Amino acid sequence: MKKSLLALAVLGAFSGAAFAQSSVQLYGIIDLGVTHFTGLAPAAGAPAGSTTSSTGLSSGVQSGSRIGVKGTEDLGGGLKAFFDAETGFCAAGTNQDIAGQTYCTGGGFMQRQAFVGLNGGFGTVTAGRQYTPAFNNEANMDPFGFGLTGDIANLSLVAQYGLYRANQAVAYVTPNLGGFTGTAAYSFAPGTASTIAGGNVASTIAPFSSNINVSRGYALNGQYGNGPITAGLNYGRVTNVYGVVGGPNDGALKLWQAYGAYDFGVAKISGIYESATQDYFTGKNISWMLGATVPVGPGAILVSYENAKNTLVANGGTGTGAGTAKQYAIGYTYSLSKQTNLYTSYAHISNDLGTHFAVGSSTDSFAGVAGQGSSGFAFGIRHQF
């Protein structure tokens, strides 16, 4: 009996030593805010040019409400394994624009992120469903952090093409090399695409041709950061998403980004320029944003201006492209603690006759009406744990 107890004690000691090298953390965000949006597209059958509004309690105004589990394991020799699995949820029940949506963000259970990776002196390698470099660049440059009613996604190219996350993605990030880091990412199925030739290759980019080719995606990002300065370039490509009706879907989307920020201490200025071209189209789709973050006590004032101009025309088509839209936004966040903050924001979009954007938030997303303006106001609370 004593030998059995001794054996169990020794086994427990070794198990404790092994588990001491690992850590697992439950984390999340609960974000709820009262929102009021105007200039939204009404239900079918409404008079031409008319708009509607939405007022309610939204889940995920500044940041999508979520819960996740992540962890690391020290493998020795400077090598670590890590994972992250994260799901969205609707803290308010449902949002005004996505009634019936179970998760509010991510699209499904554990679909905000779900990846595993290795980190060491060689850099970092990850595999799974991950944010794209293009999304990360927009979120890092946006004073509103891809949220609130001033969300860069109201007009940005990442939002227009649905490039937030990539399925079946493998990414490599170099170690910091004198302030420079590089990222190379490849996706076997960027959107909801099939990896079977001739299968359903439908993605968030919505092809309109016969689907006989498998869609793939890749991105190359280079960034320099030193003290107050950040600057970078990104190139992304999603293959086999465009074509002509009845023809093969062999056309690609190509996206360029140039971005940068400088922190003066009293204010941080940031900006990003994006340009996209599409095979089987002439012209370009361009979006750019200039913003500032001004610390004020335990909070910060956020301001931005964004412009989106689309001149894309399908080959053989006539007329002009989609047109131009502009957004002005201002907001304020106030930290009650390291984990809890209050927020408020206001944004307005002006559309010309060729655009129909509407103000949304980190979780809310609406369609606007061509030639009509749209506004959004929100105030709420966010708690991170």
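The values are calculated or read from the model by the stated rules, or taken from the named source; none is laboratory data. No experiment lies behind these values; they were computed from the predicted model shown. So basically every Cβ, Gly included, is an ideal-geometry build from the backbone, and we count neighbours across all protein chains shown.
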Of the conditions (1) under 11 Å from the mean Cα position of the chain (by Cα); (2) at pLDDT 95 or above; (3) of a type outside the set (Val, Ile, Thr); (4) on the phi > 0 side of the Ramachandran plot, the single one that residue 135 does not satisfy is (4)
Please work out if residue 384 is surrounded by 15 or more Cβ atoms within 10 Å (Cβ to Cβ), out of contact with any Cys (no Cβ under 8 Å at 6 or more places or on another chain) and not basic (Lys, Arg). yes
Quick one: how many residues across the range 101-128 are touching a strand residue (DSSP E or B) at 6+ places or on another chain (Cβ under 6 Å) and at pLDDT 90 or above? 15
Count of the range 110-142 residues which are within 19 Å of residue 188 (Cα to Cα) and charged (D, E, K, R): 2
Go through the residues of the range 287-304 one by one and say whether even a single one is touching a strand residue (DSSP E or B) at 6+ places or on another chain (Cβ under 6 Å), surrounded by fewer than 15 Cβ atoms within 10 Å (Cβ to Cβ) and within 27 Å of residue 28 (Cβ to Cβ). yes
Inter-residue pairs, beta-carbon under 6 Å, first over 30 Å from residue 25 (Cβ atoms) and in the range 46-67, second among the β-branched types (Val, Ile, Thr) and outside any strand (DSSP E or B), 6+ apart: 51/369
Pick out the one residue from 126, 132 that is buried (at least 23 other Cβ atoms within 10 Å of the Cβ), of a type outside the set (Asp, Glu) and farther than 27 Å from residue 346 by Cα. 132
Here are the criteria: (1) at pLDDT below 95; (2) farther than 27 Å from residue 154 by Cβ; (3) surrounded by fewer than 19 Cβ atoms within 10 Å (Cβ to Cβ); (4) of a type in the set (Val, Ile, Thr). Tell me which single one residue 239 does not satisfy. (3)
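Do any strands (runs of 3 or more DSSP E) lying entirely in the range 64-168 carry at least 1 residues that are of a type in the set (Phe, Trp, Tyr), and which ones are they?
Those strands (runs of 3 or more DSSP E) span 79-88, 113-120, 123-131.
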With the requirement that a residue be within 16 Å of residue 231 (Cβ to Cβ) and within 20 Å of the chain's Cα centre (by Cα), what does the range 268-294 give you? 270, 271, 272, 273, 274, 288, 289, 290, 291
Given 29, 98, which one is at pLDDT below 75 and out of contact with any helix residue (DSSP H, G or I) (no Cβ under 9 Å at 6 or more places or on another chain)? 98
Going through the range 335-354 one residue at a time, which ones are more than 22 Å from the chain's Cα centre (by Cα) and surrounded by 18 or more Cβ atoms within 10 Å (Cβ to Cβ)? 351
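Listed here are the residues, each with its yes/no results for (1) among the acidic types (Asp, Glu); (2) buried (at least 16 other Cβ atoms within 10 Å of the Cβ); (3) more than 16 Å from the chain's Cα centre (by Cα); (4) at pLDDT below 95.
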{"residue": "185", "(1), (2), (3), (4)": "no, yes, no, no"}
{"residue": "191", "(1), (2), (3), (4)": "no, yes, no, yes"}
{"residue": "195", "(1), (2), (3), (4)": "no, no, yes, yes"}
{"residue": "214", "(1), (2), (3), (4)": "no, yes, yes, yes"}
Go through the range 248-274 and count every residue that is out of contact with any Lys or Arg (no Cβ under 8 Å at 6 or more places or on another chain), of a type in the set (A, V, I, L, M) and closer than 14 Å to residue 219 by Cα. 1
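Here is a check on your reading of the model: is residue 280 in contact with a Gly (Cβ under 6 Å, 6 or more places away or on another chain), under 25 Å from residue 349 (Cα atoms), surrounded by 15 or more Cβ atoms within 10 Å (Cβ to Cβ) and hydroxyl-bearing (Ser, Thr, Tyr)? Reasoning before the result, please.
Numbers: in contact with a Gly (Cβ under 6 Å, 6 or more places away or on another chain): yes; under 25 Å from residue 349 (Cα atoms): no; surrounded by 15 or more Cβ atoms within 10 Å (Cβ to Cβ): yes; hydroxyl-bearing (Ser, Thr, Tyr): yes.
Criteria not met by residue 280.
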Yes or no: the range 58-77 includes at least one residue that is more than 27 Å from residue 257 (Cβ to Cβ) and modelled with pLDDT under 90. no
Filter the range 241-267 down to residues that are in contact with a Gly (Cβ under 6 Å, 6 or more places away or on another chain), among the hydroxyl-bearing types (Ser, Thr, Tyr) and within 30 Å of residue 230 (Cα to Cα), then give me how many there are. 1
